[in-house]
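S.K.: Starting off with a structure, shown below.
Each reported figure results from applying straightforward, stated rules to the coordinates on display, with no laboratory input. Given the structure is predicted, the values throughout are model-derived calculations rather than measurements. Neighbour counts are summed over all protein chains in view; Cβ atoms, including those assigned to glycine, are modelled from backbone coordinates with ideal geometry.
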Amino acid sequence: MKLYNRGIILAGIVVFLILASGPFWYGRGRAVSPPDLKLDTPAIEQLKEKLCVEPAPYMRANHMRLLNDWRDSVVREGKRTYTAADGKVYKISLTGTCLECHSNKEQFCDRCHDYAGAKPACWDCHIIPEEVR
Amino acid sequence: MAPTRREFLKIAGVSAAGLVLPPLASVFAGAQAGMPAAGGVAPTGSDPRSALTAKRWGMVIDTRKCRSGCTDCIDACHIAHNVPNFGNPKDEIRWIGTEKMAHVFPAETHPRIPESIKSLPIPVFCNHCENPPCVRVCPTQATFQRADGIVMMDYHRCIGCRFCMAACPYGSRSMNFRDPRPFIPKIDPAFPTRTKGVVEKCNFCEERLAQGILPACVIACSEKALSFGDLEDPGSDVRRVLDGKFSLRRRQELGTGPQIYYIL
Amino acid sequence: MLEKALKGSRGYGIWVAFLLLLTGIGFFFYWKQLDYGLGITGMSRDVSWGLYIAQFTFLVGFAASAVMLVMPYYLHDFKEFGKITILGEFLAVSAVIMCVTFVTIDLGRPDRVANLLLHPSPRSVLFWDIIVLSGYLLINIVTGWTVLESEKKGVPPPAWVKPIIYISIPWAISIHTVTAFIYAGLPGRGFWLTAIMAPRFLASAFASGPALLILFCLILKRFTKFDAGEKAIQTLSKIVAYALAVSIFFVLVELFTAFYSQIPGHTSHLTYLFWGLEGHNMIANWMRVSALTAVAAFILLIIPKARTREPILALACGLTFLSLWIEKGLGLVITGFIPSPLEAITDYIPTGPEIAISVGIWALGLLLITVFYKIFVAVRTET
């Protein structure tokens, strides 16, 4: 079998391989260890039982889904309370309910999001209470 | 597929115990000044206990009470909703504005109307139409109509195509042509800002109604020119005003059914 | 077949490089726009659609070039168009790609464009426009490419292409109709609220699309070995003449309705468009050019002695193109917003970045056309 335009084809393959593997070369030797998180805030320390609106493992895995549901519930259905699985009722509010306890947004939200490369757009509109000019 | 909340909890077998987050009583202690005395805004049982609800929200504006040069309602609204001030008409964003009668009621204006009426500053809002063209044209349902008649914007969903701005026959909508945050005089953390690239407008203060407070513009008006309430309730503020006076709606002939009524 | 686009003369290389440069400049300014927001354009609260949406509206017209060849050839067995139907289809493909690009860069939040599919809204005309445009794109890519590939192999096109080609005819009508409905169904915009909006779109499309196609055929004849044939080009020029006549007639009909009834909501926009309002007459100056060029092009096209001479035909087609570009790509969209619902007259002047982005997309479209036509000519002249 004869390969026509061998030079061009091989050069193309090399360029492709370099580009496709680029991110790996770029990130080589830059292993980042998971952030060491301090999640306690004064508000949380005062709680008798340290429990979020739902159990921590569920929140860890599904907070983004829960927040999306909350968002649609308030904006589109006008429903502003959330009944947790244990029957307790919470006011749906990102800056009110969530940040009331988790007042350390930088520790609590940003460090994991940065580590995971997640870029939630919440704060483009919602305002972190302490950051108000 | 991720497990739903209930499935997860079944597996985890989590028990319900002790109240954790701020008790509800404090959360809903938000009903401050502004609880209306008028009917039609009776608290209901479902959502937050003190929320104001209605079958169809509406507003009456007695423009005869408006003082020329007064911007109290505009200022209150724009502060409450973090509306930016770009200082130029091109990028302008406004939820409330004032216009001359000839511009608001072109079909009702004629040369023999006294100058005192023609020069009235007429406040213009989103009309929260019964049959809103903006909702019809929106390709993502980012703007939609609630059961109580409020025409809402979902700023999380808007793609900024501006079809709604072309469809609105009242010029009630504004586009964030630039990042609004640097142009907000003083940010109120209680209400989100918007991002560049989305369309925005008056929301009849639905966030305040949910807390049992009347719209910011209604409370801000020292002349009580604005009345707000349930148009379906014969005992409401708005109905009482409308029953006694001749009123107009903007561009009635278009069939949009505005829910803002004017007394001139 | 794509490899045929890679080899070409020196002139071809320079032309492609030039178009790539313009596209690159457009991309640079789009990147700026993403950063700054749509405020980088001349659009404002009052005139909230501008050059981008106007270009989209105009370019939908080009997509019609295909149907004006496909219909005579496949339905009426007009053999002379057999040689060039593929050119029409490729022009349609490029035009629709430009349309979609213009709509996308006009979005305030292009990062959320998927919301169109995640939250489909059948009550919105834009929803249907997306469906008909993407459908038309697909139809023309499939038919154009398949027919050309069969030609290259020297076999008749497969039987399954025929039904798709037949579907493309009503589908072409639908893209103009639905695009016109974006405007024609809005209360309170008197200028657009007219039942002949869709017919007007069709008429101007059937003039501007084939006019551009004639220009391309003349260019191909001059610079390549491909000749579309005298009869095909002359028939196309007659189509342009008739469509242009209907297009002019429709505008006159609009003028009569507005100015004989004298309803201010209808006259004010047209007054602005053709004469200017309160000293704002930038668009009016352009529209006078449009009116004059339309009449001049029409005269040149109806005189057989004139239109059979290639330079004059080229001139007539150029004038048709210019006239309809001003009418659809400038006047139609902007004038709908002036005066505004609150009776404000706000001038709209496109900014430099806005023009650069628009030119960039035009260059991208021309690049696609160039590549498609290069492949076409290569297949035609080599087999």
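S.K.: Please arrange C:I105, C:I248 by how many other C-beta atoms lie within 10 Å of their C-beta, fewest to most.
M.R.: C:I248, C:I105
S.K.: Turning to a different aspect of this structure: Give me C:F28, B:F191 sorted ascending by neighbouring Cβ count inside 10 Å, so fewest comes first.
M.R.: Result, fewest neighbours first: C:F28, B:F191.
S.K.: Let me know the whole percent of all Cα-Cα pairs from chain C that are separated by more than 31 Å.
M.R.: 37
S.K.: Please compute the net charge surrounding C:F56, taking Lys and Arg as +1 and Asp and Glu as -1 over other residues with Cβ under 11 Å from its Cβ.
M.R.: Net charge around C:F56: -1.
S.K.: Taking beta carbons within 10 Å but only from partner chains, what does the mean come to for residues A:74-81?
M.R.: 6
S.K.: Going by average Cβ density within 10 Å per residue, which order do the peptides C:307-319, C:63-75 take, highest to lowest?
M.R.: C:63-75, C:307-319
S.K.: Excluding C:L332 itself, what net charge comes from residues whose Cβ is under 12 Å from its Cβ, given Lys and Arg +1 and Asp and Glu -1?
M.R.: That sum, taken over residues with Cβ under 12 Å, equals +1.
S.K.: Here's something else I'd like to know. Using 1/(1 + (r/R0)^6) with R0 = 41 angstrom and r between the beta carbons of A:K50 and C:S134, what's the FRET efficiency to the nearest 0.05?
M.R.: 0.20
S.K.: In peptide B:171-180, how many Cβ atoms from other protein chains are near each Cβ within 10 Å, on average?
M.R.: Going residue by residue through B:171-180 and averaging, the value is 5.
S.K.: Compare C:K152, C:K305, C:K221 in a GNM of chain C, Cα atoms joined below 10 Å, and give the one with the largest fluctuation.
M.R.: The residue that fluctuates most here is C:K305.
S.K.: What nm distance separates the two modelled labels at C:E343 and C:R123, each placed 7 Å from Cα along Cα→Cβ?
M.R.: Inter-label distance under the simple model: 3.1 nm.
S.K.: A further question follows. Reachable lysines from B:K55, Cα under 18 Å, same-chain residues fewer than 8 places away excluded?
M.R.: Of all the lysines, those that pass the test against B:K55 - Cα under 18 Å, at least 8 places apart if same chain - are A:K79.
S.K.: With the cut-off at 1.5 for a/c, could you classify the protein assembly as shown from its C-alpha gyration tensor as rounded, prolate or oblate?
M.R.: oblate
S.K.: Right, here's the next one. Please report the net charge: other residues with Cβ closer than 15 Å to the Cβ of C:V96, K and R +1, D and E -1.
M.R.: Spelling it out: positives minus negatives among the neighbours equals -2.
S.K.: Using alpha carbons only, how many degrees (0 to 90, rounded to 10) separate the axis of helix A:6-27 from the longest principal axis of chain A?
M.R.: In chain A, helix A:6-27 runs at an angle near 30 degrees to the longest axis.
S.K.: Now, a different point. Can you compute the FRET efficiency between C:A296 and C:F256 using 1/(1 + (r/R0)^6), with r the Cβ-Cβ distance and R0 = 25 Å? Round to the nearest 0.05.
M.R.: Here the calculated transfer efficiency is 0.65.
S.K.: Using bins 10 angstrom wide from zero, how does P(r) for the range B:114-245 break down, in % of all Cα pairs?
M.R.: Calculated P(r), rounded to whole percents: 10, 34, 36, 17, 2.
S.K.: Now, a different point. Checking understanding here: applying a Kyte-Doolittle mean of at least 1.0 and a length along the axis of at least 27 Å (C-alpha), which whole DSSP H helices in chain C pass?
M.R.: C:85-105, C:161-184, C:197-223, C:230-261, C:282-302, C:352-382
S.K.: Could I ask something else about it? Just to be sure I understand: if I project the alpha-carbon convex hull of the range A:35-131 onto a plane and average over all orientations, what area do I get in nm²?
M.R.: The directionally averaged projection comes out at 6.7 nm².
S.K.: While we're here: How far is helix A:56-77 tilted, in degrees, relative to the longest principal axis of the Cα atoms in chain A, given as a value from 0 to 90 rounded to the nearest 10?
M.R.: 80
S.K.: Among the listed pairs C:K153/C:K225; A:K119/B:K90; C:K7/C:K238; B:K118/C:K328; A:K105/B:K186, give every one whose C-alpha distance is greater than 28 Å.
M.R.: Cα-Cα > 28 Å for A:K119/B:K90; C:K7/C:K238; B:K118/C:K328; rest within.
S.K.: Once the range A:48-104 is represented by equal point scatterers at the alpha-carbon sites, with solvent omitted, what log10 I(q)/I(0) does the Debye formula produce at q = 0.21, 0.30 Å⁻¹?
M.R.: Rounded to two decimals, the profile gives -0.86, -1.51.
S.K.: What does the helix-only formula give at 222 nm for the protein assembly as shown: each DSSP H stretch with n ≥ 4 adding -39500 (n - 2.57), the total divided by the residues, and the result rounded to the nearest 500 deg cm²/dmol?
M.R.: That calculation yields -15500 deg cm²/dmol at 222 nm.
S.K.: If the reach is capped at under 13 angstrom between alpha carbons, list the aspartates and glutamates near B:K224, excluding any in the same chain fewer than eight residues apart.
M.R.: B:D62, B:D72, B:D237
S.K.: While we're here: Would you tell me the mean number of C-beta atoms belonging to other protein chains that fall within 10 Å of each C-beta in B:183-194, as a whole number?
M.R.: For this peptide, the per-residue mean of nearby foreign Cβ atoms is 4.
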